[in-house]
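*Asks:* Please see the structure below; I have some questions.
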Amino acid sequence: MIKSLSLMRRGLSRVPMRPMVQIIRTQTADAKPQDMDNRSFVAGLFNGQLYTDQLFPYPDSLSADQLETLRLYVDPTDKFFLEEFDSPKYDEQAFVDPEMMERAKRQGAFGLQIPERYNGLGLNNTQYCRMTEIMGRYDLGFGIVLGAHQSIGLKGIILYGSEEQKMRYLPKLATGEHMAAYCLTEPGSGSDAFSIKTRAELTPDGRNYILNGGKIWISNGGVADIFTVFAKTPVTDSSGIVKDKITAFIVERAFGGITHGQPEKKMGIKCSNTAEVHFDNVKVPVENRILGEGDGFKVAMNILNNGRFGMAGALSGTMRMLIERSVEHARNRKQFGDYLANYGVIQEKIANMTLRHFVTESMAYQICGVMDSGVTDFQLEAAISKVFGSESAWLVADEAIQIHGGMGFMKECGLERVLRDLRIFRIFEGSNEILRLFVALQGLQLAGDRLKVLEKALKAPLSNAGTLLNFIGGRVGIHEVSAKNLVGSRDYMADPLVGKCVEQLVACVNHFGVAVERLLMLHGKDVIHQQIKLRKLSEAAIDTYAMAAVIARSSNAIRTQNPTWEHQVLLTTSWCQEAHERVLWHLRGLRDSDTLDLDQNKIKIANDVILEGGPKATHPLGF
Ligand code: MYA
């Protein structure tokens with residue numbers, strides 16, 4: 001797993017500990033958006049630096065016109081779901097009535113982000129995020145029908161398609177006349193996306209590829225007309241060596257040779273179609289290749305990177321609904337002479353649910369706002385938002401059912417459908433385990449790159465004095481501000497009312513940077529095999545980014561005198577207090593000998609059980 005990460009090729013040995021966190025800001029009043037690139041907060045974290053460019057000011061990015069346009073779509077869509085869309089029925093029958101699909105198509109729901117010149121609504125990421133919230137609120141299954149189509153199915157054409165490909169495919173995809181699907185997963189290739197077996201061979205005349213292979217669990221697989229398919233093709237590198245690499249194709253069902261299986265019977269998101277798709281000698285014109293031969297892995301990953309914020313958006317819509325329903329129940333249900341809403345244990349649950357929702361929503365709109373500003377370095381934050389959103393929504397749904405008691409367990413209440421629908425979100429679009437490793441390894445790779453420069457410099461310290469000084473100062477030719485400058489009244493600062501949270505954040509960033517260097521010093525390239533440590537590092541990154549997102553959001557709320565700013569400060573201080581303690585605990589767990597012994601014991605337990613084929617301790621009764 002994560003086999004070819006470039007850390008494997010590195011042998012990091014001696015590196016000094018860096019003393020203190022650096023707060024780095026390149027953005028000034030006259031900075032251009034591209035100056036903000038490669039200033040991802042999470043990427044900075046791995047270098048023990050606090051990049052604030054993509055944090056402050058919290059995006060407030062829609063113009064009055066864009067807000068007005070959005071409202072034109074939000075209100076009718078809300079009404080459509082409330083009054084016409086029969087989710088329990090579609091869940092039961094495992095498909096959406098065709099006339100409802102047609103209604104959604106006529107409203108433009110299939111072309112939300114397709115530019116207007118190709119018949120779409122041309123929504124930006126922030127506007128799209130708001131629309132995904134509605135899907136999440138009412139029907140995650142239908143959200144997947146729409147999401148598989150536009151969040152991943154046709155996204156490759158928008159991101160990387162040639163003008164000709166866009167002209168040819170986007171207009172019919174925008175109106176829903178054609179539906180799209182994203183075909184990556186195969187029987188032998190789930191998380192390990194690079195190991196796909198589907199192949200495409202160029203014909204001798206160089207005009208077509210012949211595509212063969214089978215994909216599984218394809219959302220919209222049985223109903224799509226246009227597929228973005230990833231297949232291996234032989235690619236000759238600059239030294240003349242031929243290797244199989246992944247190439248992306250736009251494949252029309254109309255090309256022939258495409259068949260699909262029966263709709264899968266699933267635990268949740270039942271109204272969406274999931275099916276196997278087979279490609280049997282499908283003739284794909286070379287014009288249908290997306291980018292060059294061998295560029296497909298990048299295309300596949302970036303489609304997923306670009307869509308992940310939508311999941312956080314959708315799931316914050318789900319959580320908002322679940323909190324509203326729980327509050328309504330708690331306000332009306334009396335037990336032991338009082339309403340549930342007046343009991344401390346219920347209040348604690350409602351507060352925890354609200355904190356999870358606030359953080360997910362803050363992450364989602366931070367990421368899409370940053371994306372709308374033209375920044376391209378957001379994949380770590382996007383992965384975190386998917387992990388955090390999917391786990392939070394699961395916890396919130398579970399607590400909502402708990403608050404509803406026996407009623408919550410009944411189908412009629414409608415919450416069990418939401419819980420079933422939510423389960424897949426921790427698995428697909430990159431399982432949360434894989435995404436945690438991705439965040440840790442990608443981050444370590446960045447830190448490793450920086451440390452490698454240092455390692456080189458240490459070999460010739462005199463001629464590299466400048467590099468060494470820059471490293472020790474924690475800066476590579478960029479503007480540096482002191483810690484106290486992070487708190488203030490300017491829009492690129494945190495408000496003093498959340499000053500304590502900033503101190504907690506800075507402490508986390510500082511400890512994080514030190515922990516990264518220790519890990520790399522201790523394990524070097526073998527760090528990729530330290531999965532428990534990588535997971536802990538990732539947990540710390542997730543919580544730290546969550547703190548940063550809510551600090552930025554509430555600071556903006558204070559500055560703009562948002563009517564709920566006091567509540568937002570309460571949420572922020574509460575979240576940061578708990579999260580900061582968790583971060584330090586996770587980081588301590590990377591070096592504390594008792595914890596490390598415990599980790600080793602767990603590996604021993606697992607190995608015993610794996611060898612045994614189940615629990616090894618004999619039954620208390622002996623049989
Ligand atoms: S679709 C199927 C989803 N499948 C996956 O997500 C597969 C998960 N696996 C992976 O992502 C990769 O295989 C991993 C890499 C990460 C494990 N961005 O050596 P490597 C670069 C940019 O680590 P591997 C579905 O579920 C990396 O830097 N670059 O690779 C449907 C390196 O570059 P270089 C990346 O060990 C769901 C190179 O690639 C990324 O093979 C339906 C190799 O890296 C990245 N992310 O493993 C949802 N990753 O060589 C519907 C790697 O230059 C949508 N790299 O160093 C619903 C939307 C919600 C809205 C709806 C409303 C409700």
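*Asks:* As I understand it, the dipole of the chain uses +1 on the Cβ of Lys and Arg and -1 on the Cβ of Asp and Glu, about the Cα centre. Which of Met311, Tyr182, Leu291 lies farthest toward its positive end?
*Replies:* The residue sitting most towards the positive pole is Leu291.
*Asks:* Of the peptides 597-606, 189-198, 203-212, how do they stack up when ordered by the mean number of other Cβ atoms within 10 Å, highest first?
*Replies:* 189-198, 203-212, 597-606
*Asks:* Nothing charged except the Cβ atoms of Lys and Arg (+1) and of Asp and Glu (-1): what's the magnitude of the dipole of segment 180-298 about its Cα centre? Round to the nearest 20 debye.
*Replies:* With Lys and Arg at +1 and Asp and Glu at -1, about 260 debye.
*Asks:* Two decimals, Cα atoms only, Kirkwood Rh: what is Rg/Rh over the chain?
*Replies:* In the chain, Rg relative to Rh is 0.97.
*Asks:* So how strong a dipole does the chain carry about its Cα centre when Lys and Arg Cβ are +1 and Asp and Glu Cβ are -1, to the nearest 20 debye?
*Replies:* Computed about the Cα centre, the dipole is about 1520 debye.
*Asks:* Of the options Pro620, Pro115, Pro59, report the single residue whose Cα projects farthest towards the positive end of the charge dipole of the chain (beta-carbon charges: Lys, Arg +1; Asp, Glu -1).
*Replies:* After comparing all options, I get Pro620.
*Asks:* What does the helix-only formula give at 222 nm for the chain: each DSSP H stretch with n ≥ 4 adding -39500 (n - 2.57), the total divided by the residues, and the result rounded to the nearest 500 deg cm²/dmol?
*Replies:* -17500 deg cm²/dmol
*Asks:* Separate question: Looking at the chain, what % of its DSSP beta bridges pair antiparallel, to the nearest 5?
*Replies:* So the antiparallel bridges amount to about 80 percent of the total.
*Asks:* Taking the solvent-accessible surface of protein heavy atoms with a 1.4 Å probe, what is the per residue accessible area of segment 306-433 in Å²?
*Replies:* With all protein chains present, segment 306-433 gives 38 Å² per residue.
*Asks:* For the chain, what relative contact order do you get, as a whole percent, if you take Cα pairs closer than 8 Å and at least 6 residues apart?
*Replies:* The value is 19 percent.
*Asks:* When ligands, DNA and RNA are left out and all protein chains stay put, how many square angstrom of accessible area per residue does segment 84-211 have with a 1.4 Å probe?
*Replies:* Here the residues of segment 84-211 average 40 Å² of exposed surface.
*Asks:* With every protein chain in place, what's the accessible area of Asp97 (1.4 Å probe, Å², nearest 10)?
*Replies:* Approximately 20 Å² for this residue.
*Asks:* Another question about this same structure. From Cα pairs below 8 angstrom and at least 6 apart in sequence, can you work out the relative contact order of segment 102-172, rounded to a whole percent?
*Replies:* 29 percent
*Asks:* To continue, here is another question. In 10 Å bins starting at zero, report the fraction of Cα pairs in segment 306-433 per bin as a rounded %.
*Replies:* That works out to 13, 40, 28, 14, 4, 0, in percent per bin.
*Asks:* Mind scanning Lys89/Lys197; Lys245/Lys604; Lys334/Lys386; Lys215/Lys243 and naming the pairs with a C-alpha gap bigger than 28 Å?
*Replies:* Lys89/Lys197; Lys245/Lys604; Lys334/Lys386
*Asks:* Considering Cα pairs under 8 angstrom that are at least six residues apart, work out the relative contact order of segment 306-433 and quote it in whole percent.
*Replies:* Reported relative contact order: 32 percent.
*Asks:* For a quick protection proxy, order the peptides 539-547, 505-513, 67-75, 308-316 by their average other-Cβ count within 10 Å, most packed first.
*Replies:* 308-316, 539-547, 505-513, 67-75
The values are calculated or read from the model by the stated rules, or taken from the named source; none is laboratory data. Nothing here was measured: the structure is a model prediction, and the numbers come from that model. Positions of Cβ are backbone-derived with ideal geometry, glycine not excepted, and every protein chain shown enters the neighbour counts. To get the accessible areas, we keep the full protein, side chains included, count just its heavy atoms, and leave off ligands, DNA and RNA. Shrake-Rupley method; radii C 1.70, N 1.55, O 1.52, S 1.80 Å.
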